[in-house]
Amino acid sequence: MLSNLMIPAVLFFGLGVVARLIKSDLKFPPDLAKALSIYLLMAIGLHGGVELAKADMGAAVNAIVWALILGFGMPILGYWLLIVTRRVGPLDAAAIAAHYGSVSAGTFLTALAFLDTQGVAYETYPLIMLAVMESPAIVIGLLLAAQARQKIKRNAQGDGSGDAGTGGGDGRMRLGALLHEAFTNGSVVILVGSMIIGAVSLPGAMEKLKPFIDDIFMGVLCLFLFEMGMEAARRLGDFKRVGALLAGYGILMPLIGGTIGALIGHSALGFGVGGTTLVAVLAASASYIAVPPAMRLAVPEANPSLYLTLSLGITFPFNVVVGIPLYHWMAGLLAAA
Amino acid sequence: MLSNLMIPAVLFFGLGVVARLIKSDLKFPPDLAKALSIYLLMAIGLHGGVELAKADMGAAVNAIVWALILGFGMPILGYWLLIVTRRVGPLDAAAIAAHYGSVSAGTFLTALAFLDTQGVAYETYPLIMLAVMESPAIVIGLLLAAQARQKIKRNAQGDGSGDAGTGGGDGRMRLGALLHEAFTNGSVVILVGSMIIGAVSLPGAMEKLKPFIDDIFMGVLCLFLFEMGMEAARRLGDFKRVGALLAGYGILMPLIGGTIGALIGHSALGFGVGGTTLVAVLAASASYIAVPPAMRLAVPEANPSLYLTLSLGITFPFNVVVGIPLYHWMAGLLAAA
Amino acid sequence: MLSNLMIPAVLFFGLGVVARLIKSDLKFPPDLAKALSIYLLMAIGLHGGVELAKADMGAAVNAIVWALILGFGMPILGYWLLIVTRRVGPLDAAAIAAHYGSVSAGTFLTALAFLDTQGVAYETYPLIMLAVMESPAIVIGLLLAAQARQKIKRNAQGDGSGDAGTGGGDGRMRLGALLHEAFTNGSVVILVGSMIIGAVSLPGAMEKLKPFIDDIFMGVLCLFLFEMGMEAARRLGDFKRVGALLAGYGILMPLIGGTIGALIGHSALGFGVGGTTLVAVLAASASYIAVPPAMRLAVPEANPSLYLTLSLGITFPFNVVVGIPLYHWMAGLLAAA
Amino acid sequence: MANLYPEKLITIITTSMLEERLVRVFHERGTSGYTIVPARGAGSRGEQTGMDFDANILVKVVLPADRMDPVLGDLKRLIGQGHHLTIYVGDVAVIRPEKFTKPFGA
Amino acid sequence: MANLYPEKLITIITTSMLEERLVRVFHERGTSGYTIVPARGAGSRGEQTGMDFDANILVKVVLPADRMDPVLGDLKRLIGQGHHLTIYVGDVAVIRPEKFTKPFGA
Amino acid sequence: MANLYPEKLITIITTSMLEERLVRVFHERGTSGYTIVPARGAGSRGEQTGMDFDANILVKVVLPADRMDPVLGDLKRLIGQGHHLTIYVGDVAVIRPEKFTKPFGA
Ligand SMILES: Nc1ncnc2c1ncn2[C@@H]1O[C@H](COP(=O)(O)O)[C@@H](O)[C@H]1O
Ligand SMILES: Nc1ncnc2c1ncn2[C@@H]1O[C@H](COP(=O)(O)O)[C@@H](O)[C@H]1O
Ligand SMILES: Nc1ncnc2c1ncn2[C@@H]1O[C@H](COP(=O)(O)O)[C@@H](O)[C@H]1O
Ligand code: NA
Ligand code: NA
Ligand code: NA
């Protein structure tokens, strides 16, 4: 399990964290991070597309259905947990919970690197699931927020999140706009588009792309995780602002999600150890790319530093360092059982 | 011919167009596009330089002369067409026409990818022509604008382009400054500089550059065309502002240019099918990198959204999707004749 | 020796210089330069780490000790030279001298490319020295500035550098802050961090990084030196502002440093021709990445255009074009002696 | 001496996510244009998180004094919906007042 | 018509290297926020060198008139230490004056 | 209390392609400096095309009132030649008025 930490990608994540902790002035140009993630999504999409062209239709549909279930289910579960423990107001709860329905591509890629290094084979269906899961999380986030607003109204004055809650909902994002946002957000477009291109392109032409999408992939991933490590560590400092109980939520959710995901991957989808690990990672990880901006617009009353601290500062590092080998171990247990 | 559409580079162009049409929030960092085009010009220049070191002097000079003829001739033809059809004022006509003397590097690279995928060999002289053609277009654009201003003066009040035409020409770009601009613009410097470096470098040292300039080239081109697809589609929306007749001009010009180019490539330059296709592409495509900023300064009275819509929103996609295979087919006919 | 100029990396440096001299409008996006240098430091660090994992502990410590001696010694020597020749005020002298204690990574990488092309093997210890030398230069710069301020106070009114020298030192960078800055600056973190990662990673995982850190390295270096050529040439124009005598300093210092470095590399460290050349380059080159911002804060009274013109506009091009082959030739003499 | 005419300058600092809505306001209220500058900062919610989507924009609109109130009204409505906007207004003078009366995009 | 209340707007143009110190000043003096915009320019030392670390920032702080002097005093102190700051102050009007009295990050 | 002295602040919004010419104007008219901020926007020609060369800049120059007219005159001349410039002028106050009288680059 410790060997996970000897993968360069994970080590660069750690270097990013350390750079922040020692207060280094190191900064990546903001556009570099964006460029790297465009590349990674494109590469993983193309790669997946080639594989999926050979895949079984029924299995793919099955995977998509379970992805939707996870995408809608995890936020509902997460919202309920937050409301019950009463640490944040309903609007903050809705915004936070939405993040756990979606997926962190960085975590997913680290898991791929982990499996590759261990020489573990994996199914490619989780890749479609990755693409599918961005959207439902955003939709359910909006619905939870709508119901949170009603709850606040019922309680006369509400219990505090933000200085808002007064105006009518007309200025907030309407459902149509949000559905549009959910299905056309940049990550989804790159991922799904590249998959389709990978699937329909002439094999000879794809061969020419190999050096770009395969050979240098691992190096680019290192650079990306380096930067993500710095981002994550920036948020670690907000830990005290968030409070220990809420921080615990950032670890509890991936543990629950990972377990549910592993069970689904093994039992419902019938994947091997590799694929099961990946489904666990999908369920356990929280988005920090597509969902935050959507929540910013859809739930402006919620405090962004709460949901960013949780998804990026706590859940993401937890998954990279502890979660991935843990889910892999779970998958192994299930396979052996 | 349809197989053109199965090249990843072209498919990514399409993905960019689609991303815009469905109003995705996907955005490339502006610096990424610039970085990609620096890379592409450098790679293509180095590659060409190595080949040209082995080339024939007389043939090279011949290619340059024809490049100059195309670079000066196409704008004059294009200006005349616009004035005759009377859709835009003389200053807008001058600015628009200048774009058709120069070349779209993106189109040229797509053509190379197309020929490579089809396994068609090609001469490398068109590469020098590409470098040569950036400059004359800018010069002729200025001369046409000067003559347009006289024409406006003659007609007493002019016929409308912009709210300008009053001040003396002193503030506008003087010929000296423009010639300087024409021969030192960034694309020309990278392209010509890299060619020279490719030609004079030690072969062993060039070998070390191969992974960078050759192996990952196709992937970078995909990324670049992805972004260009979004840019092109942004301009498609301006179609109605431009009007159908002017839009037709954006398709007519490449058809005329492509035909002239193919004839020159085949008859005057004696190229094979590949080289002839490339000369047709040079003549048919319109610059959207070097010429627009030059026209902005030299002809401030002209409306940039007119010339950008035509060159980037109409001519560029037309060439990528329809033009290239069409010119290839023409080149085949000529070769067979 | 002339063959140095036939290396693409050096030629691209020259192309950058030319682009500026002919006043081309070519500009690299500022973030591209930063991204390239992050990549280069990461690649060289990883590469070095793999080698250093196999290195000898005693030799490494020895190299570090001599790196510290160079890092502290060169600025003291340089400061003394400037004060004696009386061309600049003591605060400017302190800021300028500090730059010569540190190292220009661009020069070092060009030296590696030079040795590679010549087929000369080299020790990897200079890489640790590179990482070590960033820090002492900053510290000694601060100490020299503190002593310069006392000198100014003694001379009642001071002799002119800037409009400052009045306020108490409280607002300037305190020693603690500067030491922190010295040891946590971005370049040091990437370099040292990547080295450690390269040393501890599983060999199989490192193998996957090879295409990224090795194969495309030379191409990225070309792009980086292209941009550095433009930066250097920008500063060449300030030559007259700096004055001939001060400009001479920018050539004298690398000559002195190169000689001292070569002697240390050969005699004290017992390196071969390659390693000796690299130590000479370390001693001869002046930082333009880590030290300038540190001096900006620590010695705000000093004029940045003085130290940037010297380090980037004079010493850097001198080293790339003349210095590296010269130090290589010195190293050869010493080895033969 | 140049003749100068008085106008109002509204400055708005807010999240870049609201850009589209602000532009819609300017469009509907017929301002002659607007200018946007990328920014960052700190305010009632502390420092910005620094994430991509959490960037600020600083928006400037020059307009005749008698057209200011409808714009401010729309901005207040956005604040009422929970969005964070820092707004201030100043006096400026221009050479060609007619430039600031024609709606952009019209 | 909108009710507007007077405030002061301090604008500072200086090197980006001073950002942290300026923020400390604003924090200590209890301003309700600040906004930073990347900039470049020329001044008493000629044009900027264009190097990464030599970028400028343009900083804006809106605050009540009676809180302006302590901030200006701190800025003068930085100038006294040899740093270069271009500073100017203007009058603005705001809709919600109470927004500019609560210190940020508090 | 801080002593403050009146100055004028000219703000210009235009295409980045004109940067060099504006700097020449400031240089010739002896302003003590200028500051440039990248911007985007919409105006009489609708929204910007978004292409690289079609970026805007927002330019700020602080200068004594009696030096304003020659600068405005030069800017008007650029407008006369067909260039698009949005210009406005405001009143500001500074601590050290002497700073704004020495030409930059001199
Ligand atoms: N007093 C102020 N002066 C200048 N900018 C401010 C001020 N207060 C807030 N801002 C800006 O407005 C943004 C949003 O702040 P707020 O509306 O207070 O949440 C901040 O990130 C700052 O960029
Ligand atoms: N008169 C001025 N108008 C506008 N900005 C100025 C002016 N003088 C200086 N600046 C800005 O302040 C920065 C520092 O200038 P200085 O404080 O004069 O060294 C310059 O780089 C400009 O961005
Ligand atoms: N009323 C306005 N308020 C603020 N900025 C404006 C205004 N009108 C024009 N601009 C800016 O000036 C640029 C050129 O506009 P124009 O001069 O109208 O073509 C636009 O892109 C805007 O950035
Ligand atoms: Na999840
Ligand atoms: Na053409
Ligand atoms: Na040195």
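The values are calculated or read from the model by the stated rules, or taken from the named source; none is laboratory data. Just so we're clear, the structure is a prediction, and the values are computed from it rather than from any experiment. Here the Cβ positions follow ideal geometry from the backbone for every residue, glycine too, while neighbour counts run over all protein chains shown. Ligands, DNA and RNA are stripped out before the accessible areas are found, and what is left, the full protein with its side chains, is counted by its heavy atoms. Shrake-Rupley method; radii C 1.70, N 1.55, O 1.52, S 1.80 Å.
What percent of all Cα-Cα pairs in the range B:176-275 falls in each 5 Å bin, counting up from 0?
2, 9, 8, 10, 14, 22, 18, 10, 4, 2, 1
Counting only protein heavy atoms and a 1.4 Å probe, tell me what percentage of chain B's accessible area is made up of carbon and sulfur.
On the way: 7700 of 11710 Å².
Carbon plus sulfur share of accessible area: 66 percent.
Dipole magnitude of the range C:29-336 about its Cα centre, charges +1 at Lys/Arg Cβ and -1 at Asp/Glu Cβ only, in debye to the nearest 20? All intermediate terms of the calculation are to be shown ahead of the outcome.
Working: 17 positive and 18 negative charges, 183 e Å.
Charge dipole of the range C:29-336: 880 debye, to the nearest 20.
How big is the accessible area of B:F318 in square angstrom, nearest 10, if you roll a 1.4 angstrom probe over the protein chains?
Rounded to the nearest 10, that gives 30 Å².
Could you work out, residue by residue across D:8-21, how many beta carbons of other chains sit within 10 Å of that residue's beta carbon, and then give the average as an integer? Could you put the intermediate results ahead of the total?
Numbers: counts 1, 4, 1, 5, 0, 6, 0, 5, 2, 6, 3, 1, 2, 2.
Counting Cβ atoms of other protein chains within 10 Å of each residue's Cβ and averaging gives 3.
Which value results when the Cα radius of gyration for the range C:292-337 is divided by 2.2 N^0.38 Å? The partial results should precede the final answer.
Details: Rg = 15.9 Å, N = 46, 2.2 N^0.38 = 9.4 Å.
Its radius of gyration relative to the 2.2 N^0.38 Å reference: 1.69.
Which whole number gives the average count of other chain Cβ atoms within 10 Å of the Cβ atoms across peptide A:292-302?
Details: counts 6, 8, 3, 1, 8, 7, 0, 1, 8, 3, 1.
Mean shielding count: 4.
I'd like the interface area for chains A and D: accessible area of each alone minus the complex, both sides summed, 1.4 Å probe, protein heavy atoms only. What is it in Å² to the nearest 100?
Details: alone 14760 and 7000 Å², together 19940 Å².
So the total buried area for this chain pair works out to about 1800 Å².
Sorted by mean Cβ packing within 10 Å, highest first, what order do the peptides E:34-40, A:310-316, C:198-204, B:283-289 take?
Working: E:34-40: 21.3, A:310-316: 26.7, C:198-204: 16.6, B:283-289: 29.1.
Packing order, densest peptide first, comes out as B:283-289, A:310-316, E:34-40, C:198-204.
Please list, short to long, the whole-number percent of alpha-carbon pairs of the range B:4-80 in consecutive 5 angstrom bins beginning at zero.
For the range B:4-80, the pair-distance distribution reads 3, 11, 9, 13, 14, 15, 18, 10, 4, 2, 0.
Which pairs, out of E:K8/E:K99; B:K23/D:K76; C:K23/F:K60; D:K76/E:K8; D:K8/F:K8, put more than 19 Å between their alpha-carbon atoms? Please report the intermediate quantities before stating the final value.
Details: E:K8/E:K99 13 Å; B:K23/D:K76 28 Å; C:K23/F:K60 26 Å; D:K76/E:K8 21 Å; D:K8/F:K8 16 Å.
As for pairs spanning more than 19 Å Cα to Cα, those are B:K23/D:K76; C:K23/F:K60; D:K76/E:K8.
How large are Rg and Dmax for the protein assembly as shown when only the alpha carbon atoms are used, in Å?
Rg and Dmax of the protein assembly as shown, Cα atoms, are 31.2, 93 Å.
Measuring with a 1.4 Å probe in the full set of protein chains, what accessible area per residue, in whole Å², belongs to the protein assembly as shown? Walk me through the intermediate numbers first.
Values: 47520 Å² over 1329 residues.
Result: 36 Å² per residue.
Give me the one-decimal Kirkwood hydrodynamic radius in Å for chain A, with the sum taken over alpha-carbon pairs. Mind showing how you got there, number by number?
Values: mean 1/r = 0.0496 Å⁻¹.
Final number for the Kirkwood radius of chain A is 20.1 Å.
If one computes P(r) from the Cα atoms of the range A:27-119, what percent of pairs lie at distances over 18 Å? Intermediate results must be reported in sequence, preceding the final value.
On the way: 2828 of 4278 pairs.
For the range A:27-119, the share of Cα pairs beyond 18 Å comes to 66 percent.
Let me confirm the definition first: pairs of Lys residues in the range B:29-336, 8 or more apart or on different chains, C-alpha distance under 30 Å. How many are there?
Numbers: B:K34/B:K208; B:K34/B:K210; B:K34/B:K240; B:K54/B:K208; B:K54/B:K210; B:K151/B:K240.
Total qualifying Lys-Lys pairs in the range B:29-336 comes to 6.
Can you tell me the mean projection area, over all orientations, of the convex hull of the range B:228-337's alpha carbons? Units nm², please. Provide the component values of the computation, followed by the final result.
Working: hull surface 29.3 nm².
In nm², the orientation-averaged hull projection of the range B:228-337 is 7.3.
Say the dipole of the range B:29-336 comes from +1 at the beta carbon of Lys and Arg and -1 at that of Asp and Glu; which of B:M195, B:A247, B:Q147 then lies farthest toward its positive end?
Going by the Cα projections, it comes out as B:Q147.
Mind checking which of A:G106, B:A97, C:I83 is farthest towards the positive end of the protein assembly as shown's charge dipole, using Cβ charges of +1 (Lys, Arg) and -1 (Asp, Glu) about the Cα centre?
Final value for the positive-end residue is C:I83.
Among A:Y288, A:T276, A:P126, whose Cα projects farthest towards the positive end of the dipole of the range A:29-336, with charges put on the beta-carbon of Lys, Arg (+1) and Asp, Glu (-1)?
Toward the positive end, the furthest listed residue is A:Y288.
For the range F:9-106, report the translational diffusion coefficient in µm²/s to the nearest whole number, using Stokes-Einstein at 4 °C, 1.567 mPa s, and a Kirkwood Rh over Cα pairs. Write down the numbers at each step before the final one.
Values: Rh = 14.1 Å.
Value of D from the Cα-based Kirkwood radius: 92 µm²/s.
Which helices of chain C meet both criteria: a Cα extent of 24 Å or more along the helical axis and a mean Kyte-Doolittle score no lower than 0.0, with helices taken as whole DSSP H segments? Intermediate results must be reported in sequence, preceding the final value.
Numbers: long enough: C:30-52 (33 Å, 1.06); C:57-85 (42 Å, 1.82); C:125-154 (44 Å, 0.84); C:217-236 (28 Å, 1.14); C:244-263 (29 Å, 1.71).
In chain C, the long hydrophobic H runs are C:30-52, C:57-85, C:125-154, C:217-236, C:244-263.
Out of residues 5 or more away from F:A39 or on other chains, whose amide H comes under 5 Å of its own, with H placed 1.01 Å from N in the peptide plane?
Placed amide hydrogens put F:N56, F:I57, F:L58 under 5 Å from F:A39.
Using protein chains only (no ligands, no nucleic acids) and a 1.4 Å probe, work out which residues of the range A:13-37 have their accessible area cut by at least 40 Å² relative to the chain alone.
Flagged in the range A:13-37: A:L15, A:I22, A:D25, A:L26, A:P29, A:D31, A:K34.
Ignoring ligands, DNA and RNA, how much accessible area is buried between chains C and B, both sides summed, with a 1.4 Å probe, to the nearest 100 Å²? Could you put the intermediate results ahead of the total?
Values: alone 14760 and 14770 Å², together 27320 Å².
By this definition, chains C and B bury close to 2200 Å².
Quick check for me: using +1 on Lys/Arg Cβ and -1 on Asp/Glu Cβ, what's the dipole size of chain F about its Cα centre, in debye to the nearest 20?
Values: 13 positive and 12 negative charges, 35 e Å.
For chain F, the charge dipole is close to 160 debye.
Suppose accessible area is computed on protein heavy atoms with a 1.4 Å probe; arrange A:H180, D:H84 from highest to lowest. Please list the in-between numbers first.
Details: A:H180 75, D:H84 50 Å².
Accessible-area ranking of A:H180, D:H84, largest first: A:H180, D:H84.
Enter the buried accessible area of the E/D pair, total of both sides, probe 1.4 Å, in Å² rounded to the nearest 100.
Values: alone 7020 and 7000 Å², together 12100 Å².
That pair of chains buries around 1900 Å² in total.
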